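The values are calculated or read from the model by the stated rules, or taken from the named source; none is laboratory data. Values in this document were obtained by computation on a predicted structure and should not be read as measured data. In this analysis, Cβ positions are derived from the backbone assuming ideal geometry, glycine residues included, and neighbour counts consider all displayed protein chains.
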Amino acid sequence: MKYTLLAFVITLFLSCDDNDNKNVDYKVQNEQDIAAYIDENDLNAQKSESGLYYVINEEGAGVQPTANSDVTVAYKGTFLNGSIFDQSNSNGISFNLQQVIKGWTEGITYFKEGGSGLLLVPSHLGYGSNDNRGIPGGSVLIFEINLISVD
């Protein structure tokens, strides 16, 4: 009887775990949402093996960064509905590509200095399935990117 009661309590405890959004796989939904966004905005986007979509508007003529480079980037981040959640000024911000979301670590390397375009970042390459500083879990993020310099 003791073991039955213990098993019941453990089952009850585990079923009440507050993991509603944790580890939810948004890949299929993100893929559908990105495809619709690309179609609605008539974009010529390319898809990488990781699931990142990118559009190169201006290739740039300078140095091309690697995933470990220090860069300066001017950007604007929006949700699929166009709402801005973050942006830099025209001077940009400087950082190492190992200190940002996976979508940027990969995506910025497709540009050369002076290049510009879009990164369409599915949640698994952004902030995942958990809310993060005003960004709802599972969100697709759109970034307008201007790679100012590779430092």
* Looking at the range 108-143, which of the residues that are part of a strand (DSSP E or B) and in contact with a Gly (Cβ under 8 Å, 6 or more places away or on another chain) is nearest to residue 31 (Cα to Cα)? -> 121
* To do: Inspect the range 47-69 for any residue being touching a strand residue (DSSP E or B) at 6+ places or on another chain (Cβ under 6 Å), closer than 22 Å to residue 28 by Cβ, modelled with pLDDT of 95 or more and surrounded by fewer than 16 Cβ atoms within 10 Å (Cβ to Cβ) and give the result as yes or no.
  => yes
* To do: Could you check residue 112 against (1) at pLDDT below 95; (2) basic (Lys, Arg); (3) closer than 23 Å to residue 58 by Cβ and say which number it fails?
  => (1)
* Inspect the range 96-107 for any residue being in a loop (DSSP other than H, G, I, E, B), crowded, with 17+ Cβ neighbours inside 10 Å, in contact (Cβ under 8 Å) with a residue 60 or more places away in the chain and within 18 Å of the chain's Cα centre (by Cα) and give the result as yes or no. => no
* Scanning the range 1-40 for residues that are surrounded by 13 or more Cβ atoms within 10 Å (Cβ to Cβ), out of contact with any His (no Cβ under 9 Å at 6 or more places or on another chain) and not in a helix (DSSP H, G or I), which turns out modelled with the lowest pLDDT? -> 21
